[in-house]
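Worksheet for the structure shown next.
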Amino acid sequence: MIDNSNGAAAFHSHVFLGEAHETSERRTWAVIWLCGIMMVAEIVGGLLFGSIALVADGLHMSTHAGALLLAALAYTYARKHANNPAFTFGTGKLGDLAGFTSAIVLAMIALLIAYESIGRIFAPVPIHFTEAIPIACLGLAVNIASAWLLSSGGHHHHGHGHVHDDHDHDESHEIATAGGLVALEVFEDGVPPRFRVSAVTGAALDVQMSSIETLRPDGTRQLFAMLDKGGFLESRDEIPEPHAFTANVRIGEQNYPVVFEEHEHAHGSTARDNNMRAAVIHVIADAAVSALVIVGLLLARAFGWLWMDPLAGIIGACVIASWSYGLIRDTGAILLDMNPDNSMADKLREEVEAGGDTLADLHLWRLGPGHLGAIISVITSQQREADYYRNRLGRFKSLSHLTVEVAHRR
């Protein structure tokens, strides 16, 4: 017998946009306006003052603005159609589609820069240093400003993303004791995880009269002796994973039960906004090329090394091609519904099979930044229905769309 998701769970939101979707949308449009103003100023100024180099840089800025326009339109369209039932799994992947397209454009730009640079090595052209260097500096300044506007203090990485912890813990629990308020936390900031107990208001902590015993869902118990660290008490032993248990805290003659729940979250590439990543890559790539061009032009003017200018172009093309490849690889995998997180898949299997059941089939894919979809098929000999497994998997907060099929073994 197959038991699918119950009716109550069938009606839920299919909005799988990133947490900062609207903020990213506004920042992208702001950068487009900046690039548009600079583009018009350079083209008009070049035509008025007879500088073809200024006009050329203005036209280059237009391609830059065009790539960012693609990202902005993807943000706007995804937001406006987030609740459109025509999108079976929402519009969260539009950003990945835009990122994939931008990556293709970046690859073409890299090929064009490499082609032009190689041609200039064999057929050097006169360089107007007086105009070229200030224009390159202006382009670098605009790109730095664009990158700052897009990130606004955030961290958007063009290479491999940082892998953050895939779980988080309740930072602190307050315990009302007879002597005052006490705080209990699992502290693991750069050190192995340990319990810390500290007085908040009035409570006096005696290391000889304090201990913590954990009780896990499988019935396992562990007693933690405490050490006086001067200002707070800390457990002598490390806390093994997972950090999901009831901590019975003994303070004086009283015991206080505190429940810790561990929540699994998307991390690394699973939570990354590839639309913003593509936009940032565009401005960083342009900034890198501008910086290389400035160095090449200065060396060419100082020592007469005209080949430095095209060499800087070739290096820039290789850097852009590398970033483009990484973006194509990551966004392509998402568009093809490849498993976005093998670690998450393993943990899902462990959680289902911990109760003696068999996970017969598992499909895991990304719906949008920080949102995963999963279909699991379970074989069990117990009288368990779909809701039982939904509750067991409830700690996986990035599972925004979960379908459960249960087959009862006779």
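The values are calculated or read from the model by the stated rules, or taken from the named source; none is laboratory data. No experiment lies behind these values; they were computed from the predicted model shown. Cβ: placed from backbone, ideal geometry, glycine included. Neighbour counts: every protein chain shown. These accessible areas exclude ligands, DNA and RNA; they are computed on the full protein's heavy atoms, side chains included. Shrake-Rupley method; radii C 1.70, N 1.55, O 1.52, S 1.80 Å.
What to note about this one:
- One residue from Ala82, Ala72, Ala98 being touching a Leu at 6+ places or on another chain (Cβ under 7 Å) and at pLDDT 85 or above: Ala98
- Residue in region 387-399 that is assigned to a strand (DSSP E or B), of a type outside the set (A, V, I, L, M, F, W, C), modelled with pLDDT under 90 and under 20 Å from Thr88 (Cβ atoms) present: no
- The residues on offer are Thr214, Thr177, and the sole one that is open to solvent by less than 60 Å² (accessible area, probe 1.4 Å), touching a Lys or Arg at 6+ places or on another chain (Cβ under 9 Å) and of a type in the set (S, T, N, Q) is Thr214.
- Residue match in region 343-355 (condition: without any contact (Cβ under 8 Å) to a residue 24 or more places away in the chain, within 30 Å of Leu292 (Cα to Cα), not in a loop (DSSP other than H, G, I, E, B) and not acidic (Asp, Glu)): no
- Of note, Ala278 satisfies the criterion of being assigned to a helix (DSSP H, G or I) and modelled with pLDDT of 75 or more.
- Exactly one residue among Leu402, Leu348, Leu372, Leu364 is closer than 28 Å to Arg272 by Cα and touching a helix residue (DSSP H, G or I) at 6+ places or on another chain (Cβ under 6 Å), and that residue is Leu364.
- Within region 229-245, considering residues that are at pLDDT 90 or above and in a strand (DSSP E or B), the one nearest to Arg392 (Cα to Cα): Ser235
- Test for Glu42: is it open to solvent by 50 Å² or more (accessible area, probe 1.4 Å) and at pLDDT below 85: no
- Hits in region 123-152 (condition: modelled with pLDDT under 75, outside any helix (DSSP H, G or I) and either open to solvent by less than 70 Å² (accessible area, probe 1.4 Å) or in contact with a strand residue (DSSP E or B) (Cβ under 9 Å, 6 or more places away or on another chain) (or both)): Val125, Ile127, Ser152
- Checked against the criterion of being outside any helix (DSSP H, G or I), farther than 30 Å from Ser24 by Cβ and in contact with a helix residue (DSSP H, G or I) (Cβ under 7 Å, 6 or more places away or on another chain), region 285-306 contains one or more residues that satisfy it.
- If you go through region 83-122 and keep only what is assigned to a helix (DSSP H, G or I), small (Gly, Ala, Ser) and either under 17 Å from Gly326 (Cβ atoms) or open to solvent by 60 Å² or more (accessible area, probe 1.4 Å) (or both), you end up with Gly95, Ala98, Gly99, Ser102, Ala103, Ala107, Ala110.
- In the set (1) open to solvent by 50 Å² or more (accessible area, probe 1.4 Å); (2) within 30 Å of Gly18 (Cβ to Cβ); (3) polar (S, T, N, Q), Thr331 fails one condition alone, (1).
- Selection from region 180-211 of residues that are touching a Lys or Arg at 6+ places or on another chain (Cβ under 9 Å), closer than 15 Å to Gly231 by Cα and without any contact (Cβ under 8 Å) to a residue 60 or more places away in the chain: Ala183, Glu185, Phe187, Arg196, Ser210
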